[in-house]
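In what follows, a structure is listed as structure tokens, so that the remarks can point back to it.
Any read-out appearing in this document is the output of simple, stated calculations on the displayed coordinates, not a laboratory observation. In this text, all values refer to a predicted model and were calculated from it rather than measured experimentally. Here the Cβ is made from the backbone with ideal geometry for all residues, glycine too, and neighbour counts use every protein chain on show.
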Amino acid sequence: MAVNIVKEKWTSKVGEVVLGTENTVTMGGESTLPFLHFEGAIPHRPVMALEVWDMEPAEWPEPVKEPFAGVMSDPVAWAKKNVEYGADIIALRLQSANPDFEDTTPEKCAETAKAVAEAVNVPLIILGCGAEEKDAEILPVVGEALSGKNCLIGPATENNYKTLTATCLVHGHSIIASSPLDINLAKQLNILITEMNLPADKIVIDPLVGALGYGIEYCYSIMERSRLGALMGDKMLSMPIFCNVGQEAWKAKEAKAEDMPEWGEQKKRAVLWEVITSSAMAQSGGSLFILRHPESVKQLKVHFDKLMQSNEY
Amino acid sequence: MILIGERINGMFTDIRDAILSKDPGPIKMHAQKQYEAGARYLDVNTGPTVDPKEQPEVMEWLVKVTQEDCPLPCCIDSTNPKAIEAGLAVHKGKAMINSTTADQFKMDLYIPLAAKYNAAIIGLTMNDKGVPKSAADRVALAMEIVVNCDMNGVPTDDLFLDPLMLPCNVAQEHGVEVLETLRQVKTLADPAPKTTMGLSNSSQGCANRHLINRTFLIMSMACGLDSAIADVYDTQMVEEVAAARVLMNQDIYCDSFVKTYLQR
């Protein structure tokens, strides 16, 4: 008897978000669960961004500083290096603006962002400093300086989304809608943002993922559930999912610990932590990965390219 | 829950007058208003005052006018197969035929029409002997309709079985049988048949009709009701449906759950 291949029929799909102007990058558009090419369309490989800071990140472990020796005090040079390393996108983190660090002014942030944007020919993600109030001050000014460059800006939270949405609307950027691992809050924030007339294809969902060993199962379930919602027609959960893996993976003690020979060589294990976390997130529906180590980009590219080969039958 | 707006029906005097005077105004108004109120299909029925010979032509006009400015599909409601086909022929999108019974001669008329026009179809669990009393007898008739759909190539999930609720003041014993029928018909085929109900039937001639309708709708949803022909102007009912969908894990909760249900 012939085997009858059971295929799920979904009624909807994930929306597409396009970043950049000339060398654009597109994510989303899937009409089935991740990499099930035999069931639906998986039009785009997961996208990888490498992080650049506007100040030297003192607490980064040695193995992730090493590839950037000599450029970490110069965001423009660092960004160029990231492009060389194969990043699809540059994620510029304006960490120095945090009041606990250098409390950099919005104008200075805008200057840095503009210099980076002019130096590279890939799309740009602008990440705030992690302090909601300060982000609401700097991101509008940065967004204006990058007007028309179709960047991705955030994170927008329920406390500062109004300012950030207005910036994206006026200057043609997309927004990172961030909520703490809670599908209900994620959906509500997307509704609030679209109610301000920013279209759904200008939003990515940031569920604030955790790393392997630090709540990854919970992230996986939340992401999977929102993907299922998208495929079943829930338009307010149909946005591509943003995974800030680098900052989580390199915070893990498995990545940071230096004197643990029984855990294997630090560099190898730390990179693996970033790679394994990302590949798990890709299987649950992640579309955009913020990474720190160029070796992770290299390994994940091989992995994702393999996953993008059709398994249609 | 697919709410099918019941308002474009010649039994209502404003619609009857609009049909008689060929005035599209009231029809378009109710199409738009029901759409905004949460309807996802619009029932269209010429009503009994139109001469059977004119019904096909009137149905064609009614479907065209209803869909002219409103994006919703129609549930083409008539006892006249010629009127149903006239409506199907001009319909945009996936129509629904309202309805066939489990009588073989009726299934032979309507189910091939559903196949021809790729329409969904409502199947009433009754035949020339009337509406059965027990759930078991209703389910037996439902099975007849499922088999006939399958033979004609109509997917079982395009079939909306209506277990036929009767007014609760005169046929009180039917309520529990209807609920049991809703549960059982889901097991008749894979994919499972869909279910529907003429909700206002449940309260015909009763006091406090909206309360009865709303209550029975939510009870029925819990037993497997997928759609209902209903008065969508009852905003409390629509809001209760939105809440029930969340409680049944059919929609992912968010604080604006009523609004998102209306906007889908």
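So in segment A:16-305, what percent of DSSP beta bridges are antiparallel if you round to the nearest 5?
On the way: 4 of 31 bridges.
Of all bridge pairs located within segment A:16-305, approximately 15 percent are antiparallel.
With a/c under 1.5 counting as rounded, go ahead and sort segment B:1-117 into rounded, prolate or oblate using the C-alpha gyration tensor (a ≥ b ≥ c being the square roots of the eigenvalues; past the cut-off, prolate if a/b is larger than b/c, else oblate). Don't jump to the answer; show the numbers that get you there.
Values: a/c = 1.80, a/b = 1.29, b/c = 1.40.
Because a/c hits 1.5 or more and a/b fails to exceed b/c, segment B:1-117 counts as oblate.
Which of B:Lys194/B:Lys259; A:Lys187/B:Lys28; A:Lys187/B:Lys92; A:Lys235/A:Lys301; A:Lys114/A:Lys202; A:Lys65/A:Lys251 have a Cα-Cα distance over 23 Å? Can you show the working numbers first?
On the way: B:Lys194/B:Lys259 25 Å; A:Lys187/B:Lys28 33 Å; A:Lys187/B:Lys92 32 Å; A:Lys235/A:Lys301 30 Å; A:Lys114/A:Lys202 21 Å; A:Lys65/A:Lys251 14 Å.
Checking Cα-Cα distances, B:Lys194/B:Lys259; A:Lys187/B:Lys28; A:Lys187/B:Lys92; A:Lys235/A:Lys301 exceed 23 Å.
Of the options B:Ala136, B:Asn118, B:Leu166, report the single residue whose Cα projects farthest towards the positive end of the charge dipole of segment B:109-167 (beta-carbon charges: Lys, Arg +1; Asp, Glu -1).
After comparing all options, I get B:Leu166.
Within a 10 angstrom radius of the beta carbon, how do B:Asp251, B:Asp137 rank from fewest other beta carbons to most?
Working: B:Asp251 22, B:Asp137 17.
With the sparsest Cβ surroundings first, the list reads B:Asp137, B:Asp251.
What does the structure give for A:184-191 when I average, per residue, the other chain Cβ atoms found within 10 Å of the residue Cβ? Show your work: numbers first, answer last.
On the way: counts 6, 2, 2, 8, 6, 1, 2, 7.
The mean count of partner-chain Cβ atoms within 10 Å per residue comes to 4.
Over all distinct alpha-carbon pairs, what is the Kirkwood Rh of the protein assembly as shown in angstrom?
On the way: mean 1/r = 0.0372 Å⁻¹.
That comes to 26.9 Å for the protein assembly as shown.
Each residue of segment A:194-200 in turn: what ³J(HN,Hα) in whole Hz from Karplus with 6.51, -1.76, 1.60 and θ = phi - 60°, glycine and Pro shown as x?
Values per residue, Gly and Pro as x: 5, 5, 8, 6, 7, x, 4 Hz.
Rounded to the nearest 20 debye, what is the charge dipole size of segment B:2-263 about its Cα centre when +1 sits on each Lys and Arg Cβ and -1 on each Asp and Glu Cβ? Before the final figure, lay out each step's value.
On the way: 23 positive and 34 negative charges, 24 e Å.
In total the dipole reaches around 120 debye.
Quick one: which residues, 5 or more positions from B:Leu161 or on another chain, have an amide H under 5 Å from its amide H? H modelled 1.01 Å from N in the peptide plane, none for Pro or chain starts.
So B:Leu161 has HN proximity to B:Gly123, B:Lys194, B:Thr195, B:Thr196.
If each residue's Cβ is checked for other Cβ atoms within 10 Å, how do B:Asp226, A:Asp182, B:Asp103, A:Asp100 rank with the fewest at the top?
On the way: B:Asp226 19, A:Asp182 13, B:Asp103 16, A:Asp100 10.
Least crowded to most crowded, the residues run A:Asp100, A:Asp182, B:Asp103, B:Asp226.
Taking H placed 1.01 Å from N in the peptide plane, check which residues at least 5 places from A:Leu181 or on another chain put their amide H under 5 Å from its amide H.
Counting only residues 5 or more places away or on other chains, the set is A:Leu208.
For a bin width of 10 Å, list the pair-distance distribution of segment A:16-305 built from all Cα-Cα distances, rounded to whole %.
Result returned by the calculation: 7, 30, 38, 21, 4, 0.
Need one value for A:235-247: mean number of C-beta atoms belonging to other chains within 10 Å of its residues' C-beta atoms. Before the final figure, lay out the partial values.
Values: counts 3, 6, 2, 0, 0, 0, 0, 0, 0, 0, 0, 0, 0.
Taking the mean over all residues of the peptide, I get 1.
Spelling out what I want: for every residue of segment B:54-62, take phi, set θ = phi - 60°, compute 6.51 cos²θ - 1.76 cosθ + 1.60 (Karplus), and round to whole Hz; glycine and proline get x.
Once θ is set to phi - 60°, the couplings for segment B:54-62 become 8, 4, x, 5, 5, 4, 4, 4, 4 Hz.
Just grab the label-to-label distance for B:Arg264 and A:Ser221, each label 7 Å out from Cα along the Cβ direction, in nm (one decimal).
Label at B:Arg264, label at A:Ser221, 2.4 nm between them.
Near the amide H of A:Leu212, under 5 Å away, which other amide H atoms are found, from residues 5 or more places off or on another chain, if H is placed in the peptide plane?
Counting only residues 5 or more places away or on other chains, the set is A:Thr277.
Compare the peptides A:259-269, A:136-146 by average per-residue count of other Cβ atoms within 10 angstrom and give them in order, highest first.
Values: A:259-269: 11.7, A:136-146: 21.8.
Answer by packing, highest mean first, reads A:136-146, A:259-269.
Average partner chain C-beta neighbours within 10 Å, per residue of B:250-261?
Details: counts 1, 5, 12, 4, 13, 6, 6, 4, 0, 2, 7, 0.
Taking the mean over all residues of the peptide, I get 5.
Dipole size in debye (nearest 20) for the protein assembly as shown around its Cα centre, Lys and Arg Cβ +1, Asp and Glu Cβ -1? Spell out each step's value before the answer.
Values: 52 positive and 77 negative charges, 207 e Å.
The calculated dipole for the protein assembly as shown is roughly 1000 debye.
Using the basic label-point model (7 angstrom from Cα toward the beta carbon), what is the A:Asp100 to B:Glu36 distance in nanometres?
5.0 nm
With a 10 Å Cβ neighbour count serving as the proxy for reagent exposure, in which order, fewest first, do A:Tyr214, A:Tyr313, A:Tyr161 appear?
Working: A:Tyr214 16, A:Tyr313 6, A:Tyr161 24.
With the sparsest Cβ surroundings first, the list reads A:Tyr313, A:Tyr214, A:Tyr161.
Given the rule -39500 (n - 2.57) for each run of at least 4 DSSP H residues, summed and divided by the residues of chain A, what is its mean residue ellipticity at 222 nm, to the nearest 500 deg cm²/dmol? Could you put the intermediate results ahead of the total?
Numbers: 11 runs with 123 residues, N = 313.
The per-residue figure over chain A is -12000 deg cm²/dmol.
Can you bin segment B:2-263 into rounded, prolate or oblate? Criterion: square roots of the alpha carbon gyration tensor eigenvalues sorted a ≥ b ≥ c, rounded for a/c under 1.5, prolate for a/b above b/c, oblate for the rest. Before the final figure, lay out each step's value.
Working: a/c = 1.41, a/b = 1.08, b/c = 1.30.
In terms of gyration-tensor shape, rounded.
By the gyration tensor of its Cα atoms, with a ≥ b ≥ c the square roots of the eigenvalues, what is the shape of segment B:127-252: rounded for a/c under 1.5, prolate for a/b over b/c, or oblate? Please list the in-between numbers first.
Working: a/c = 2.10, a/b = 1.26, b/c = 1.67.
Oblate is the answer for segment B:127-252, as a/c is 1.5 or above yet b/c matches or exceeds a/b.
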